[in-house]
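A.B. asks: Below you'll find the structure I mean.
The values are calculated or read from the model by the stated rules, or taken from the named source; none is laboratory data. Keep in mind it's a predicted model, so treat the numbers as computed, not measured. Glycine also receives a Cβ, built like all others from the backbone with ideal geometry; neighbour counts cover every protein chain displayed. All accessible areas refer to the heavy atoms of the entire protein, side chains included, with ligands and DNA or RNA removed. Shrake-Rupley method; radii C 1.70, N 1.55, O 1.52, S 1.80 Å.
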Amino acid sequence: MSDVCSGPRYLVSFGPKRVPHCFTDVLILGGGLAGLRAALAVDPALSVTVVTKDDLRGSSSQWAQGGIAGVVDPEDRFDNHVADTLAAGGGLCHEDVVDAVVREAPTRIAELIAWGTRFDAANGSLALGREGGHSHHRIVHALGDATGREVMRAVIERTRQLENLSVWPDTFTIDLVTDESGCRGALVWNPSHGKTVVWARRTILATGGAGQLYRETTNPPGVSGDGMALAWRAGAELRDMEFMQFHPTVLYIAGGARSLITEAVRGAGAWLVDRDGRRFMPEFDPRAELAPRDVVSRAITVVMHRTHHANVYLDLSHLDAPTVRARFPGMAETCAKFGLDLARDRIPVRPGAHYMIGGVTVDDSGRTSVPGLFAAGEVTSSGLHGANRLASNSLLEGLVYGARAGAVAAAEVLAERPGGDDFRVPALSAPRVAEPDPGAAALDLADIRNSLQSLMWRHVGVERAGPGLGEALDTVEGWCRYVLPRQFADPQGWQLQNMLQVARLMIRSALERVETRGVHFRADHPEPRPDWRAHLAWLRCDDRPRLEPLPPPAVARS
Ligand SMILES: Cc1cc2nc3c(=O)[nH]c(=O)nc-3n(C[C@H](O)[C@H](O)[C@H](O)COP(=O)(O)OP(=O)(O)OC[C@H]3O[C@@H](n4cnc5c(N)ncnc54)[C@H](O)[C@@H]3O)c2cc1C
């Protein structure tokens, strides 16, 4: 490894005597569902600051479609949801984590309802959808296929009632600030005030995933892996970075947005057909279109190669057209913009990067390996998803871990400050980084970003193999050598630096794991290996991954 590829500790220099300072009890980085749920769990006696790089409606949470998984039907059982999650997870789930999260789901869903979320109902009860890998109907959804919009509306309204909360929109977190005692807050930037150091007694990272590392993705533009990169620079452990989940059915129309077509469409009976209209999923898996996402994504990739065609199609023409349009109004509207009738026409789709399974390692309370730093939501690796996330388990994870991180962080603050506030700036030596580089402006950052997205799609996509991964690593390390040492003055540069650092970890992890497991399909090692039933954990100080065994299950499930 080279220090240049690993990058400097801080992306920018900041003299602690020259930047404004701000103090808060709990700092939450990210205003998606995990971050806001954390804010709602903090004791009202404490001050909370939520920093988000866009407004509160720019997150993946806002874009979620299908819904939230939870056992609310009396015919269903916790054990079924646990078994489905473990079956999808390819042997890497922590059974205790899965069990606890599944059991907490009904409480978290009921809480959302109490806060005003209007989930879809049928015959006076919650209408429950079914998605790939689920053995029962257990997905609560809202506005048909716009669950995230409705859940976030209710949660944002709820947080607006908190008097102890300040939200800083359009504010980019450049780095976590650490000293020998752990995380002390973060260095943030916004166009009006420039850099500010926010000192916090506890910091919660809730910055979401990394889908924008790929050319084809369902994720909003800001989902660029920032949180993973800033946790890495701050010395936190990251885990399982090779596991990026691809959504099998992303609308593929040249020039159009890459809209996700929710799994619930297949749950409602849609078929996947090739360019000749032939249904192909039963040939790959007995569960056909309802097989887990990795199976469906891979089958689509095989069929695209076999038919020399850039996509496959979703076909709903055998279903009742008015029902289809009523159940999926958002999707029907998007298709209509391109002259397609969701209920009648074949809809072109292909896989796209969707959900980052790996991330910052957290314990049951959301604590990371850095004292004072918690994390929740898609930025984390909690042990829930294993090597493959079961559909609609991620909003649930954000709710459960957001609530825990917020409550535990607050409890720790309350336990250690019987004397009240103390507004002294902790001793921090001015971080050393390269001087601002006059040549930085000469780099075409958009070009590097596009090239990175294409490279990741080509070599670190649904199928990977050693030679392609090796080529990707050489290329990314080449870019790291001249992009990471520079100092940029705005988010475009910092975001690219974060993307390069996360891409490098993802590629190295994918190279290291010489087996196929969950969403990680190595064409040159197509079988799982029992000796690889373990996590790949990373620390910046080693810059080498190590195999970390799974914890033994501690609870006996009933
Ligand atoms: C199209 C789509 C559909 C989906 N459908 C479902 C579904 O039906 N069910 C399900 O369970 N999951 C679904 N998912 C996944 C799910 O939405 C996400 O995993 C989840 O919302 C992540 O929540 P989060 O709070 O961790 O992150 P996000 O909701 O992504 O929020 C991240 C926040 O961090 C902020 N941020 C990031 N970087 C910085 C920075 N450097 N500085 C400051 N702020 C920063 C962002 O501005 C944002 O506020 C879907 C995802 C997509 C993209």
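A.B. asks: Contour minus end-to-end for Arg481 and Ala114, with contour as 0.36 nm per residue of separation and end-to-end as the Cα-Cα distance?
C.D. replies: Between Arg481 and Ala114, full extension yields 127.0 nm more.
A.B. asks: Please report, to one decimal in angstroms, the Kirkwood hydrodynamic radius of the range 160-287 built from all distinct Cα-Cα pairs.
C.D. replies: 18.7
A.B. asks: May I pose another question? What spacing in nm lies between the two simple spin-label points modelled at Leu550 and Asp341, each 7 Å away from Cα in the Cβ direction?
C.D. replies: 4.8
A.B. asks: So what is the relative contact order of the chain, in percent, for Cα pairs below 8 Å that sit 6 or more residues apart?
C.D. replies: Relative contact order here is 23 percent.
A.B. asks: Would you mind computing, in nm to one decimal, how far apart the modelled labels at Glu527 and Asp447 are, each placed 7 Å from Cα along Cα→Cβ?
C.D. replies: 4.7
A.B. asks: Another one. Stick to the Cα atoms of the range 216-303, pair each with every other, and give me the Kirkwood hydrodynamic radius in Å at one decimal.
C.D. replies: 15.3
A.B. asks: While we're here: Could you tell me what fraction of 2.2 N^0.38 Å the Cα radius of gyration of the range 66-193 comes to, as a two-decimal ratio?
C.D. replies: For the range 66-193, the normalised Cα radius of gyration is 1.37.
A.B. asks: Using a 1.4 angstrom probe, figure out how much accessible area the range 1-133 has per residue, in square angstrom, rounded to the nearest whole.
C.D. replies: Per-residue value: 37 Å².
A.B. asks: Cα to Cα, under 20 Å, and not fewer than 8 places away if on the same chain: which aspartates and glutamates meet these conditions relative to Lys195?
C.D. replies: Once the sequence-local aspartates and glutamates are set aside, what remains near Lys195 is Asp25, Asp54, Asp55, Asp170, Asp175, Asp179, Asp226, Glu435, Asp437, Asp490.
A.B. asks: Also: Straight-line reach from Lys337: which aspartates and glutamates have Cα under 15 Å away, leaving out those fewer than 8 places along the same chain?
C.D. replies: Leaving aside aspartates and glutamates fewer than 8 places away in the same chain, those within reach of Lys337 are Asp345.
A.B. asks: I need the semi-axes of the equivalent ellipsoid of the range 1-112: take the C-alpha gyration tensor, multiply each eigenvalue by 5, square-root it, list largest first in whole angstrom.
C.D. replies: 36, 22, 14
A.B. asks: Mind listing the Cα extents of the chain along all three principal axes, in Å, largest one first?
C.D. replies: 68, 53, 48
A.B. asks: So, with a 1.4 angstrom probe, what is the percent of accessible area on the range 276-361 that is carbon and sulfur?
C.D. replies: 55
A.B. asks: Mind checking the alpha-carbon convex hull of the range 506-549 and giving the volume per residue in Å³?
C.D. replies: Value for the range 506-549: 70 Å³ per residue.
A.B. asks: Once a ≥ b ≥ c are taken as the square roots of the eigenvalues of the Cα gyration tensor of the range 274-322, is the result rounded (a/c under 1.5), prolate (a/b larger than b/c) or oblate (a/b not larger than b/c)?
C.D. replies: Oblate.
A.B. asks: About the Cα centre of the chain, how large is the charge dipole given +1 on each Lys and Arg Cβ and -1 on each Asp and Glu Cβ? Please answer in debye to the nearest 20.
C.D. replies: In debye, rounded to 20, the chain gives about 600.
A.B. asks: With both partners inside the chain, how many of the DSSP beta bridges are antiparallel, as a percent to the nearest 5?
C.D. replies: Around 65 percent of the beta bridges assigned by DSSP in the chain are antiparallel ones.
A.B. asks: If you count, for each residue, the other Cβ atoms within 10 Å and average over each peptide, how do 111-121, 213-223, 241-251, 32-42 line up from highest to lowest?
C.D. replies: Put in order of decreasing packing, that is 32-42, 241-251, 213-223, 111-121.
A.B. asks: Assuming a ≥ b ≥ c are the square roots of the Cα gyration tensor eigenvalues, decide whether the range 87-154 counts as rounded (a/c under 1.5), prolate (otherwise, with a/b larger than b/c) or oblate.
C.D. replies: prolate
A.B. asks: Helices from the chain with mean Kyte-Doolittle at least -1.0 and a Cα length along the axis of 18 Å or more, per DSSP H: which?
C.D. replies: Taking the DSSP H segments of the chain (at least 18 Å long, mean hydropathy at least -1.0), we get 95-114, 147-160, 293-306, 394-416, 445-459, 466-483, 491-512.
A.B. asks: Something else: Along the Cα→Cβ direction, 7 angstrom out, place labels at Arg458 and His137. What is the inter-label distance in nm?
C.D. replies: With each label placed 7 Å out from Cα toward Cβ, I get 4.7 nm.
A.B. asks: Moving on to the next point. Using a Förster radius of 30 Å, what is the FRET efficiency between Ala489 and Asp542 based on their Cβ-Cβ separation? Nearest 0.05, please.
C.D. replies: The pair Ala489/Asp542 has a calculated efficiency of 0.40.
A.B. asks: Under 1.5 on a/c is rounded, so check that first for the range 345-402, then, if it is not, pick prolate when a/b is larger than b/c and oblate when it is not; a ≥ b ≥ c are the square roots of the alpha carbon gyration tensor eigenvalues.
C.D. replies: In terms of gyration-tensor shape, prolate.
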